[in-house]
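The values are calculated or read from the model by the stated rules, or taken from the named source; none is laboratory data. Source: prediction; values computed, not measured. Counting neighbours? That spans all protein chains shown, and the Cβs are built from the backbone with ideal geometry, glycine included.
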Amino acid sequence: MKIIRLIIVSIVMVTTTLSIAQEEKKKINLEEIWKYYKFYPKNISGMHSLSDGIHYTSLKNGSLVVYDYKNGDSIGTLINGSKLISEGMEKPIKLRSFSTNDTENLFLIPTKTENIYRHSSKSEFYIWDKNSQKLSPLSTGKQRLADFSPKQNKVAFVRDNNIFIKDLETGTETQITADGKNNSIINGTCDWVYEEEFGFTKGFYWSPKGTKIAFYKFNESKVKEYFLTFYGKLYPKEYRYKYPKAGEENSLVDIYVYDLENGKTTKMDIGPETDQYIPRIKWSNNDNYLAIERLNRLQNHLDILLADAISGESSIIYKEDNDYYIDITDDLTFVDDDKFIISSEKDGNNHLYLYNIDGSLIRQLTEGEWDITKVYGYDKHKKRVYYQCAKSSPLNRDIYYANLKGKSTKISTQTGTNDADFSKNFKYFIGRFSSSYQAPIISVNNSNGKLVRVLEDNGVFMNMISEYDLSKKEFFTIESPEFKLPDSTVVNLNAWRILPPDFDKNKKYPVLLTIYGGPGSQEVTNSWGYFDYFWHQMLAQNGIIVISVDNRGTGARGELFKKMTQKQLGKYETLDYIEVAKYMGSLPYVDKDKIAIFGWSYGGFMASNALFQGSDYFSTGIAVAPVTNWRYYDNIYTERFMVKPQDNAEGYDNNSPINHVEKLKGNYLLIHGSTDDNVHFQNTMDLISALVAADKQFDLMVYPNKNHSIYGGNTRFHLYTKMTNFLFKHLN
């Protein structure tokens, strides 16, 4: 018999006040979570560092107020919201976000924002002139990605897939591309798959002195279309967009530089290969040199090119090969004209390296069996690079800086999840700390980590939730000889659990395993849990033990742990969840016949696999917006982990839930939004066909005209009511 041991490594209290008797504590209901959003801690919006590095802005009562980092004094109002009225308006526009020029006398304010995809939008932009106190439209219609030149009063923006530059002094508008066309040519922004998988929408960049603009051009004419059907009118509306599925053709991508002085546009040399990716471009500290990251289709070879912005000629300054794949980050940092910093997993963990501009390594700046998770930037005066890492534990995030000699210094002081937003000159940072028992604390700190003052401690929020009957959240590890890495090392899996408040070890309880499990992700972190956390507490109050586990393939535990699922997504994750269910079922206080699993997106893929393949151990499953066949998902994400289906058919087929439906014995709830542009409804429809063919009964909920996030109006409340009732029906 396999031996699995449960090791409790940390127990933290969610409740903050013990003075209220247990019987007086309140119970959580879904209306409070998803209708009234009662359990959302206080935040500070509109925070933006000003160019002097010693002042910042914050939105207050619809206006933009300036504060001193050091003492918190308000030194004036930068924008009076009541004055944001343009000619012909009856009332002021609402100030929700903004950007400013380098002298901070002109402001771009978006209004009437319309979402395009999950991360992209278009807006009617207005210019606020602080000196004249006048508000005027940037241009006609709606624009995208409007951005000030760093040194001049010019604004670049995208409209109808073309790039425009407006001179704010003369009012003239210059169109620098003219071939933009829907579902064909894109200038200055990116196609759907780059937006979703490389994580950016802005595809043009001003040079440091504002003399040039580098931009992307996508030719997606050969990419196949996918269409979404929107209901609600007499005839449904069809929306078509380009979506390259695994193994299919991508957009052709080129990089150009437009010179404002002579009006010339020059194509950069990115090599003869066309079936490749350009996941990042970044200006060096010189207006004449542009860095271009070039990634092969399999995403296991990366080149960084340095291109001459005038001639377009380029040379390789950095190369990297990987046995699995290379994650793309924003970590490339030019520290001066002849050196740069890059992050890499080349030694088995993600660390920082300092290179000469000719590509020769100077030194590794950080090292150890832990991962850097974010790079904040480089302080050129103190010659420090600031970063976030998981050094103390994969569950935590700490803030450090490293000097160029390779010495690192920790500047965060609390155990949990620390994040930072540095001022323009790196003299201060806005710190955000949270843990599993502490809602976010927002503070001002100096560059050495010393607390200057607390902006928001969420004390009122913590006192409010102390009135509720909340359970302890326990972090633990699960050990099993089955949890092996490719080098045969046996590892443990990090997990947490929430027991019912009135837990009695002599009773039997049902269990819900909530998971995600995708490559590099984490569900088990020492951080504040937001809405789902209170749903878990509500389930626990109703007698359900809730647990979560980070399977093999998840993040912050080194490259081998993260990348071992390569070419077989779903295999090891499913095995891990089944082992967890076996263990939970062996506990004397668990009803082994009532173990459920829930996941969304990749988690829905895994919940389906675990329920089908582990039908002897899971009785119930909920899958929201699941991938059911990786052939249906986009090629950048899918091929990164699975290569092309033409080269790995077995990997695609063996771990598809569609091919395991005949094993289903338990209760299955399948949920999807009908206009999901990310994980297409096609995944659910094909799974339904397979379930029907196998004569398997199941429950289905479709949300019309909803995307991958399934929200808007009463949708989230309805969704969580549906899932909660399903769990209560089959677990209680």
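Can you find, within segment 557-574, the residue that is surrounded by the fewest Cβ atoms within 10 Å (Cβ to Cβ) among those that are under 27 Å from ILE498 (Cα atoms) and in contact with a Lys or Arg (Cβ under 8 Å, 6 or more places away or on another chain)?
Per the stated criteria, the residue is TYR572.
Looking at segment 254-276, can you tell me whether even one residue there is touching a residue at least 40 places away in the same chain (Cβ under 8 Å), closer than 26 Å to HIS680 by Cβ and surrounded by fewer than 22 Cβ atoms within 10 Å (Cβ to Cβ)?
The answer is no, given that none of the residues of segment 254-276 is touching a residue at least 40 places away in the same chain (Cβ under 8 Å), closer than 26 Å to HIS680 by Cβ and surrounded by fewer than 22 Cβ atoms within 10 Å (Cβ to Cβ).
When segment 35-53 is examined, which residues are found to be in contact with a Lys or Arg (Cβ under 9 Å, 6 or more places away or on another chain) and surrounded by 15 or more Cβ atoms within 10 Å (Cβ to Cβ)?
GLY46, SER49, LEU50, GLY53
Hand me the list of strands (runs of 3 or more DSSP E) wholly inside segment 461-525 holding 2 or more residues that are within 28 Å of the chain's Cα centre (by Cα), among the hydrophobic types (A, V, I, L, M, F, W, C) and farther than 25 Å from GLU32 by Cβ.
473-484, 490-498
Within segment 167-215, work out how many residues are among the polar types (S, T, N, Q) and under 28 Å from ASN285 (Cβ atoms).
First, the residues of segment 167-215 that are among the polar types (S, T, N, Q): 170, 172, 174-175, 177, 182-184, 187, 189, 201, 207, 211.
Now restrict to residues that are under 28 Å from ASN285 (Cβ atoms): 174, 177, 187, 189, 201, 207, 211.
Residues in segment 167-215 being among the polar types (S, T, N, Q) and under 28 Å from ASN285 (Cβ atoms): 7 in total.
Yes/no per residue for (1) of a type outside the set (Asp, Glu); (2) outside the structural domain of ASP532 (by TED's automatic domain parsing); (3) farther than 16 Å from TRP528 by Cα; (4) in contact with a helix residue (DSSP H, G or I) (Cβ under 7 Å, 6 or more places away or on another chain):
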position: ASN458; (1), (2), (3), (4): yes, yes, no, no
position: ILE478; (1), (2), (3), (4): yes, no, yes, yes
position: LEU485; (1), (2), (3), (4): yes, no, yes, yes
position: THR489; (1), (2), (3), (4): yes, no, yes, no
position: ASP502; (1), (2), (3), (4): no, no, yes, no
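Quick one: in segment 403-413, of everything that is surrounded by 16 or more Cβ atoms within 10 Å (Cβ to Cβ) and without any contact (Cβ under 8 Å) to a residue 40 or more places away in the chain, which residue is nearest to ILE362 (Cα to Cα)?
The qualifying residue nearest to ILE362 (Cα to Cα) is ILE411.
Going through segment 56-82 one residue at a time, which ones are surrounded by 13 or more Cβ atoms within 10 Å (Cβ to Cβ) and among the charged types (D, E, K, R)?
Matches in segment 56-82: LYS60, ASP68, LYS70.
Give segment 587-626 a look and list any residue that's hydrophobic (A, V, I, L, M, F, W, C) and in contact with a Lys or Arg (Cβ under 7 Å, 6 or more places away or on another chain), or say none.
Of everything in segment 587-626, those that are hydrophobic (A, V, I, L, M, F, W, C) and in contact with a Lys or Arg (Cβ under 7 Å, 6 or more places away or on another chain) turn out to be VAL590, PHE612.
Kindly indicate which of ILE93, ILE109 is closer than 25 Å to GLU195 by Cα and surrounded by 14 or more Cβ atoms within 10 Å (Cβ to Cβ).
ILE109
Among the residues of segment 451-478, write down those that are under 30 Å from ARG552 (Cβ atoms), modelled with pLDDT of 95 or more and not aromatic (Phe, Trp, Tyr).
SER471, LYS473, GLU474, THR477, ILE478
Return the residues of segment 429-488 that are without any contact (Cβ under 8 Å) to a residue 60 or more places away in the chain, of a type in the set (D, E, K, R) and crowded, with 19+ Cβ neighbours inside 10 Å; say none if nothing qualifies.
ARG432
Against the definition (of a type in the set (D, E, K, R) and either crowded, with 20+ Cβ neighbours inside 10 Å or within 24 Å of the chain's Cα centre (by Cα) (or both)), how does ASP419 come out, yes or no?
For ASP419, the condition - of a type in the set (D, E, K, R) and either crowded, with 20+ Cβ neighbours inside 10 Å or within 24 Å of the chain's Cα centre (by Cα) (or both) - is met.
Could you identify the single residue in PHE561, PHE531 that is assigned to a helix (DSSP H, G or I) and at pLDDT below 95?
Exactly one of PHE561, PHE531 is assigned to a helix (DSSP H, G or I) and at pLDDT below 95, namely PHE531.
Please specify each residue of segment 580-631 satisfying the condition of being farther than 28 Å from GLN646 by Cβ and basic (Lys, Arg).
Of everything in segment 580-631, those that are farther than 28 Å from GLN646 by Cβ and basic (Lys, Arg) turn out to be LYS582, LYS592, LYS594.
Could you check segment 204-216 and list, in sequence order, the residues that are more than 30 Å from VAL643 (Cβ to Cβ) and either within 26 Å of the chain's Cα centre (by Cα) or aliphatic (A, V, I, L, M) (or both)? Outline the logic, then answer.
Residues of segment 204-216 that are more than 30 Å from VAL643 (Cβ to Cβ), as a first pass: 204-215.
Correct list: PHE204, TYR205, TRP206, ILE213, ALA214, PHE215.
Quick one: in segment 547-582, which of the residues that are touching a Ser or Thr at 6+ places or on another chain (Cβ under 7 Å) and of a type in the set (S, T, N, Q) is farthest from ASP347 (Cα to Cα)?
Checking each candidate, the answer is SER548.
For (1) of a type in the set (D, E, K, R); (2) farther than 16 Å from LEU252 by Cβ; (3) crowded, with 22+ Cβ neighbours inside 10 Å; (4) assigned by TED's automatic domain parsing to the domain that holds GLY312, each residue gets a yes or a no:
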| residue | (1), (2), (3), (4) |
| --- | --- |
| LEU168 | no, yes, no, no |
| GLY171 | no, yes, no, no |
| GLY180 | no, no, no, yes |
| TRP192 | no, no, yes, yes |
| GLU197 | yes, yes, no, yes |
| PHE204 | no, yes, yes, yes |
| PRO208 | no, yes, no, yes |
| ILE213 | no, yes, yes, yes |
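If only one of ILE176, ILE165, ILE109 is in contact with a Lys or Arg (Cβ under 7 Å, 6 or more places away or on another chain) and either free of Cβ contacts under 8 Å to residues at least 24 places away in the same chain or of a type in the set (Val, Ile, Thr) (or both), which one is it?
Only one candidate qualifies: ILE165.
Restricting to segment 586-597, name every residue that is out of contact with any Gly (no Cβ under 7 Å at 6 or more places or on another chain) and either surrounded by 18 or more Cβ atoms within 10 Å (Cβ to Cβ) or assigned to a loop (DSSP other than H, G, I, E, B) (or both).
Within segment 586-597, the subset out of contact with any Gly (no Cβ under 7 Å at 6 or more places or on another chain) is 586-591, 593-594.
Passing the criteria: LEU587, PRO588, TYR589, VAL590, LYS594.
Out of everything in segment 217-253 that is of a type in the set (Phe, Trp, Tyr), part of a strand (DSSP E or B) and within 26 Å of the chain's Cα centre (by Cα), what residue ends up being surrounded by the most Cβ atoms within 10 Å (Cβ to Cβ)? Lay out the reasoning, then the answer.
Start the filter on segment 217-253 by keeping residues that are of a type in the set (Phe, Trp, Tyr), which leaves 218, 226-227, 230-231, 235, 239, 241, 243.
Filter again for part of a strand (DSSP E or B), leaving 218, 226-227, 230, 239, 241.
Filter once more, so that each one left must be within 26 Å of the chain's Cα centre (by Cα): 218, 226-227, 239, 241.
Values: PHE218: 26, TYR226: 18, PHE227: 11, TYR239: 11, TYR241: 17.
Only one residue tops the list, namely PHE218.
Kindly indicate the residue of segment 642-663 that is surrounded by fewer than 22 Cβ atoms within 10 Å (Cβ to Cβ) and either under 21 Å from the mean Cα position of the chain (by Cα) or aliphatic (A, V, I, L, M) (or both) and also nearest to ASP323 (Cα to Cα) among those meeting that condition.
Among those residues, the one meeting the criterion is VAL643.
Out of the strands (runs of 3 or more DSSP E) lying entirely within segment 605-723, which hold 2 or more residues that are closer than 30 Å to GLN299 by Cα and touching a strand residue (DSSP E or B) at 6+ places or on another chain (Cβ under 6 Å)?
On the way: elements: 620-624, 667-673, 699-703.
Those strands (runs of 3 or more DSSP E) span 620-624.
Residue check, ARG363 against (1) outside any loop (DSSP other than H, G, I, E, B); (2) over 24 Å from the mean Cα position of the chain (by Cα); (3) within 24 Å of PRO208 (Cα to Cα), all met but one. Which one?
For ARG363, the failing item is (3).
Give the number of residues within segment 274-300 that are touching a helix residue (DSSP H, G or I) at 6+ places or on another chain (Cβ under 9 Å), of a type outside the set (S, T, N, Q) and not in a strand (DSSP E or B).
Residues flagged as touching a helix residue (DSSP H, G or I) at 6+ places or on another chain (Cβ under 9 Å), of a type outside the set (S, T, N, Q) and not in a strand (DSSP E or B) within segment 274-300 amount to 2.
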